[in-house]
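Here is the structure we will look at.
The values are calculated or read from the model by the stated rules, or taken from the named source; none is laboratory data. Note that the structure is predicted; figures quoted are calculated from it, not measured. All Cβ positions, even for glycine, are placed from backbone atoms using ideal geometry, and neighbour counts span all protein chains on display.
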Amino acid sequence: MKVVVQKFGGTCVEAANQESTVERILEVKDAGMYPVAVVSAMGREEPPSTPWLVDLAWRIDPKVEPRELDQLMSCGEIISAVRVAHLLKSRGYDTVALSGGQAGVITDDYHNHADIIELHPERVLAYLDEKRIVCVAGFQGITRDHAITTLGEGGTDYTAVALATVLHTRRPNPIAEEIEVAALRIYKEVEGVMTANPDHFLEKKTKRASAQHPINIPGLTFSEMVSMSELGANVIQAKAARMARDHGQTMEICDFRSSQGTVTYVGEGVQRGHQREVTGVADMKELFVFTVPGGDRRLGQKLSEHLAHDRLHHYVLPTDDSGYRFAVKTEKYRQVDRIVGETLHYWNIEAEFSQGDWGLVSVVGEGMRDRTQQIRDRACEALRAAGIEVAATRRETIAVSFLVSEAQRRDAVRCLHDHYIIGA
């Protein structure tokens, strides 16, 4: 039994695009393999997208209990799973739609940002044995007490990686058919992973691509995929990327509209297809930057511990003095501000913050190993020559990030892309 787990994002399951999604599923079936489709809620703000469902509760009162909010948010993916399964059934195929819990996804009880702690695929395997096409609602699971949880933004990626990983490592009983799991297929509305966000390269008046438009990346290592995801590139959810890396789960990132489109392969030992130092440019918009004065290193450690405990990803930035500075996404501001306020209360310190005025632009690539200082220096020179002021930098093993004003973020992306991708 050769199983192919396919993940379809929100755009893929919108009414106008469902025919293409069904074709990608049936191509697997026609090839004699067993498809498991993991689906997101329909995209954009239209019902029943996740933002629309959240707004439904917020119209009553924005203070929604996380447990009840998870129950509400899980509906979008369940609707998508039923719609795709029903569309396939209307064509004569035997299908079944499963919620995350029915598919065996067990999580901790951290609502809105749950972690998967177990996955029991017996029901999925039983339906595959019956030759059914299985459609699974992504982004959700259940606790051991059967409370519904959601897995954070992009959580359908997390569901798909976990399911593919568990099926791959599953040892069938001696008389069961042996299971072979192909590379996980992630379907998006673009042809694989690009060297930068293509939207930053559209001419404002014509909406046409510029001559320096981003190009497809044929192959990514796991480390590149994790770094790009964590630093804002629309690859897959960062938590899912880390799980794939840790378990060696290979992936193919494809355009859902055609089986003949360009694909990005992810895994160790992949052919990267270029000799550049930099593989791609990632960016994040409208960041809040918190600056905490003082020289007590324990304060920074304590803040990091509290933010990590609440699963709030933050980006530590160097300072000119002995203070502590970090950036967070705009939508996390209220949670972070509360944690910072409560933590600093014991030190009798007040933090300063800049509201959404900053962007983070990063260059990522395996070719940067042991060369991040040189790349940082050259990139700063290129940005200064383009009139872009760099407020701070941060270096990782295969990535260098630059804090710039939000007003100059797109210019910084184009500058670094021209310098390291087009001009390389």
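Please find, among A382, A407, the residue that is surrounded by fewer than 24 Cβ atoms within 10 Å (Cβ to Cβ), in contact with a helix residue (DSSP H, G or I) (Cβ under 6 Å, 6 or more places away or on another chain), aliphatic (A, V, I, L, M) and free of Cβ contacts under 8 Å to residues at least 60 places away in the same chain. Even if it seems obvious, please write down each step before you answer.
Details: A407 fails: in contact with a helix residue (DSSP H, G or I) (Cβ under 6 Å, 6 or more places away or on another chain).
Only one candidate passes the filter, namely A382.
Please determine whether any residue of region 166-181 is closer than 28 Å to Y34 by Cα, at pLDDT below 90, of a type outside the set (A, V, I, L, M) and not in a loop (DSSP other than H, G, I, E, B).
yes
Look through region 319-332, keep the residues that are among the hydroxyl-bearing types (S, T, Y) and surrounded by fewer than 18 Cβ atoms within 10 Å (Cβ to Cβ), and return whichever of them is farthest from A407 (Cα to Cα). Steps first, answer last, please.
First pass over region 319-332, keeping only residues among the hydroxyl-bearing types (S, T, Y): 319, 322, 324, 330.
Checking which are surrounded by fewer than 18 Cβ atoms within 10 Å (Cβ to Cβ) leaves us with 319, 322, 330.
Values: T319: 22, S322: 28, T330: 15 Å.
Step by step, filter region 319-332, then rank; the result is S322.
Can you tell me how many residues in region 364-385 are acidic (D, E) and not in a helix (DSSP H, G or I)?
Here is the first cut: in region 364-385, the residues acidic (D, E) are 366, 370, 377, 381.
Among the residues that remain, those that are also not in a helix (DSSP H, G or I) are: 370.
Selection size over region 364-385: 1.
Pick from region 108-126 the residues that are of a type in the set (V, I, T) and assigned to a strand (DSSP E or B): which of them is nearest to P35 (Cα to Cα)?
Kept after step one, since they are of a type in the set (V, I, T), are these residues of region 108-126: 116-117, 124.
Filter again for assigned to a strand (DSSP E or B), leaving 116-117.
Numbers: I116: 22, I117: 24 Å.
The qualifying residue nearest to P35 (Cα to Cα) is I116.
If you check R369, R384, which single one turns out to be within 26 Å of E286 (Cβ to Cβ) and out of contact with any strand residue (DSSP E or B) (no Cβ under 9 Å at 6 or more places or on another chain)?
Working: R369 fails: within 26 Å of E286 (Cβ to Cβ).
Answer to the check: R384.
Mind listing just one residue for me: the one in region 369-385 that is more than 27 Å from the chain's Cα centre (by Cα) and of a type in the set (S, T, N, Q) and, of those, farthest from S401 (Cα to Cα)?
If we take residues in region 369-385 being more than 27 Å from the chain's Cα centre (by Cα) and of a type in the set (S, T, N, Q), then Q374 is farthest from S401 (Cα to Cα).
What tally of residues in region 63-107 results from selecting those that are in a loop (DSSP other than H, G, I, E, B), in contact with a strand residue (DSSP E or B) (Cβ under 9 Å, 6 or more places away or on another chain) and charged (D, E, K, R)?
Keep residues of region 63-107 that are in a loop (DSSP other than H, G, I, E, B), which gives 63-65, 74, 91-94, 99-104.
Add one more test, that the residue is in contact with a strand residue (DSSP E or B) (Cβ under 9 Å, 6 or more places away or on another chain), and what stays is 74, 93-94, 99-104.
Restricting the remaining residues to those that are charged (D, E, K, R) gives 94.
Total meeting the criteria: 1.
For region 277-284, indicate whether the set of residues that are of a type outside the set (V, I, T) and over 25 Å from G152 (Cβ atoms) is non-empty.
Restricting attention to region 277-284, the residues satisfying the condition of being of a type outside the set (V, I, T) are 277, 280, 282-284.
Cutting the leftovers down to over 25 Å from G152 (Cβ atoms) gives us 277.
For region 277-284, residues of a type outside the set (V, I, T) and over 25 Å from G152 (Cβ atoms): present.
Mind checking which residues of region 386-404 are touching a helix residue (DSSP H, G or I) at 6+ places or on another chain (Cβ under 6 Å) and part of a strand (DSSP E or B)?
From region 386-404, those touching a helix residue (DSSP H, G or I) at 6+ places or on another chain (Cβ under 6 Å) are 386, 388, 390, 393, 395, 398-400, 404; that's our starting set.
Those that are touching a helix residue (DSSP H, G or I) at 6+ places or on another chain (Cβ under 6 Å) and part of a strand (DSSP E or B): T393, R395, A399, V400, V404.
Among all residue pairs at least 6 apart or on different chains, which show Cβ distances below 6 Å where the first residue, located in region 39-52, is assigned by TED's automatic domain parsing to the domain that holds S20 and surrounded by 15 or more Cβ atoms within 10 Å (Cβ to Cβ) and the second is of a type in the set (A, V, I, L, M) and part of a loop (DSSP other than H, G, I, E, B)?
Hits for this filter: S49/A41; S49/M42; T50/A41.
Which numbered condition in (1) touching a Lys or Arg at 6+ places or on another chain (Cβ under 8 Å); (2) at pLDDT below 90 is the only one that F290 fails?
Every condition holds for F290 apart from (2).
Could you tell me whether V292 is touching a residue at least 40 places away in the same chain (Cβ under 8 Å) and buried (at least 24 other Cβ atoms within 10 Å of the Cβ)? Break it down stepwise before answering.
Numbers: touching a residue at least 40 places away in the same chain (Cβ under 8 Å): yes; buried (at least 24 other Cβ atoms within 10 Å of the Cβ): no.
No, not satisfied.
For region 295-313, which residues satisfy the criterion of being of a type in the set (A, V, I, L, M, F, W, C), in contact with a His (Cβ under 9 Å, 6 or more places away or on another chain) and either crowded, with 18+ Cβ neighbours inside 10 Å or in contact (Cβ under 8 Å) with a residue 60 or more places away in the chain (or both)? If you could, list the steps in order and put the result at the bottom.
Kept after step one, since they are of a type in the set (A, V, I, L, M, F, W, C), are these residues of region 295-313: 299, 303, 307-308, 312.
Checking the rest, the ones that are also in contact with a His (Cβ under 9 Å, 6 or more places away or on another chain) come to 303, 307-308, 312.
Selection gives L303, L307.
Would you confirm whether any residue within region 42-61 is touching a Ser or Thr at 6+ places or on another chain (Cβ under 7 Å) and not basic (K, R)? Working first, answer last.
At the first step, the residues of region 42-61 found to be touching a Ser or Thr at 6+ places or on another chain (Cβ under 7 Å) are 42-43.
Now drop any that are not not basic (K, R), which leaves 42-43.
Among the residues of region 42-61, at least one is touching a Ser or Thr at 6+ places or on another chain (Cβ under 7 Å) and not basic (K, R), which makes the answer yes.
Of these, V316, V340, V361, which one is in a strand (DSSP E or B), in contact with a Phe, Trp or Tyr (Cβ under 7 Å, 6 or more places away or on another chain), buried (at least 19 other Cβ atoms within 10 Å of the Cβ) and not assigned by TED's automatic domain parsing to the domain that holds H111? Talk me through it step by step, then tell me what you get.
Numbers: V316 fails: buried (at least 19 other Cβ atoms within 10 Å of the Cβ); V340 fails: in a strand (DSSP E or B).
After ruling out the rest, the residue left standing is V361.
Say whether the condition of being free of Cβ contacts under 8 Å to residues at least 60 places away in the same chain, closer than 27 Å to T165 by Cα, out of contact with any Leu (no Cβ under 7 Å at 6 or more places or on another chain) and part of a strand (DSSP E or B) is met by at least one residue in region 243-251.
No, region 243-251 has no match at all.
Can you say whether E277 is charged (D, E, K, R), within 18 Å of A233 (Cβ to Cβ) and out of contact with any strand residue (DSSP E or B) (no Cβ under 7 Å at 6 or more places or on another chain), as far as the supplied structure shows?
yes
Just to be sure I understand the filter: pairs with C-beta atoms under 6 Å, separated by 6 or more residues or on different chains, first member in region 82-104 and surrounded by fewer than 16 Cβ atoms within 10 Å (Cβ to Cβ), second member in a loop (DSSP other than H, G, I, E, B). Which pairs pass?
From region 82-104, the pairs are D94/R132.
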